[in-house]
Ligand SMILES: [Fe+2]
Ligand SMILES: [Fe+2]
């Protein structure tokens with residue numbers, strides 16, 4: 001990453017650290033700990049992480065950082081959504097593992113047109129070498145195929161597949177909050193060679209995209225906690241926007 005963009009990212013992290021942590025991350029500490037444990041310890045997930053890590057590129061801010069956050073939040077959402085249903089702990093954990101796999105794999109074909117469909121097919125291919133059943137592989141496939149915003153999702157053939165599909169969507173869209181401004185934006189700007197002035201020009205367009213996502217959450221938990229995650233991002237974004245405007249002003253005064 002170039003020096004200016006790196007400096008701006010550090011400043012964005014400083015700004016973000018002054019904002020409160022969204023409630024989703026303080027209320028669900030136990031399932032977050034469980035999701036993290038499965039993410040770092042479950043042999044199937046660890047095996048997939050090794051593969052995904054070597055394939056994903058950080059270029060556009062959709063590398064392993066993004067996939068890790070999507071994975072863990074997806075597993076947490078699954079746990080929360082399943083609390084009202086009659087399932088054994090082991091069954092819930094199995095679905096969390098499938099959510100973690102879907103999260104890791106969902107952007108594996110990010111650089112392709114229709115990356116959701118292409119990623120779903122690639123996930124299915126990779127899962128052939130994994131200890132998952134045909135129905136479980138179909139679950140991961142269906143979830144990845146449905147993760148793109150502003151498209152009509154395909155209905156899933158079983159309620160628990162639908163649940164994982166909806167949780168993956170919501171956890172991916174949680175990233176449009178704080179992560180946009182501490183991570184994604186800077187990787188995209190760096191990749192495209194954008195100057196601070198060009199970032200400023202694109203800012204209002206990016207912010208309006210976030211506001212549109214707020215209406216699209218698919219699970220009750222996503223609808224309850226997602227808007228706060230995104231609005232925290234928007235508040236951080238406003239501060240970063242002001243900081244960037246100042247930066248540009250000072251830069252033109254120096255010329
Ligand atoms: Fe994606
Ligand atoms: Fe994603």
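The values are calculated or read from the model by the stated rules, or taken from the named source; none is laboratory data. If you're wondering where the values come from, they're calculated on a predicted model, not measured in any experiment. Here the Cβ is made from the backbone with ideal geometry for all residues, glycine too, and neighbour counts use every protein chain on show.
Miscellaneous remarks
- Long-range neighbours under 7 Å by Cβ, at least six apart or interchain, first residue closer than 18 Å to residue 148 by Cα within the range 117-132, second surrounded by fewer than 18 Cβ atoms within 10 Å (Cβ to Cβ): 118/112
- Test: residue 54 is modelled with pLDDT under 95 and either more than 25 Å from residue 145 (Cα to Cα) or surrounded by fewer than 20 Cβ atoms within 10 Å (Cβ to Cβ) (or both): yes
- Qualifying residue in the range 48-57 (condition: outside any helix (DSSP H, G or I), under 20 Å from residue 180 (Cα atoms) and within 16 Å of ligand 2 (Cβ to nearest atom)): yes
- Test: residue 99 is within 16 Å of ligand 1 (Cβ to nearest atom), touching a residue at least 60 places away in the same chain (Cβ under 8 Å) and either over 21 Å from residue 27 (Cα atoms) or within 18 Å of the chain's Cα centre (by Cα) (or both): yes
- Residue satisfying condition, being surrounded by 14 or more Cβ atoms within 10 Å (Cβ to Cβ), over 24 Å from residue 234 (Cβ atoms) and either out of contact with any strand residue (DSSP E or B) (no Cβ under 7 Å at 6 or more places or on another chain) or without any contact (Cβ under 8 Å) to a residue 60 or more places away in the chain (or both), within set 31, 22, 43: 31
- Residue 167 falls short on exactly one of the conditions (1) loosely packed, with under 15 Cβ neighbours inside 10 Å; (2) in contact (Cβ under 8 Å) with a residue 40 or more places away in the chain; (3) at negative phi, and that condition is (1).
- Failed item, numbered, when residue 143 is tested on (1) buried (at least 16 other Cβ atoms within 10 Å of the Cβ); (2) more than 12 Å from ligand 1 (Cβ to nearest atom); (3) assigned to a helix (DSSP H, G or I): (2)
- Residue within the range 146-154 that is modelled with pLDDT of 95 or more, crowded, with 23+ Cβ neighbours inside 10 Å and either under 18 Å from the mean Cα position of the chain (by Cα) or closer than 22 Å to residue 35 by Cα (or both) present: yes
To keep it simple, each residue is scored yes or no on (1) within 16 Å of ligand 1 (Cβ to nearest atom); (2) at pLDDT below 95; (3) touching a strand residue (DSSP E or B) at 6+ places or on another chain (Cβ under 9 Å).
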{"residue": "67", "(1), (2), (3)": "yes, no, no"}
{"residue": "77", "(1), (2), (3)": "no, no, no"}
{"residue": "86", "(1), (2), (3)": "no, yes, no"}
{"residue": "105", "(1), (2), (3)": "yes, no, no"}
{"residue": "138", "(1), (2), (3)": "no, no, no"}
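- Restricting 231, 211 to those that are touching a residue at least 40 places away in the same chain (Cβ under 8 Å), part of a helix (DSSP H, G or I) and out of contact with any helix residue (DSSP H, G or I) (no Cβ under 7 Å at 6 or more places or on another chain) reduces the list to 231.
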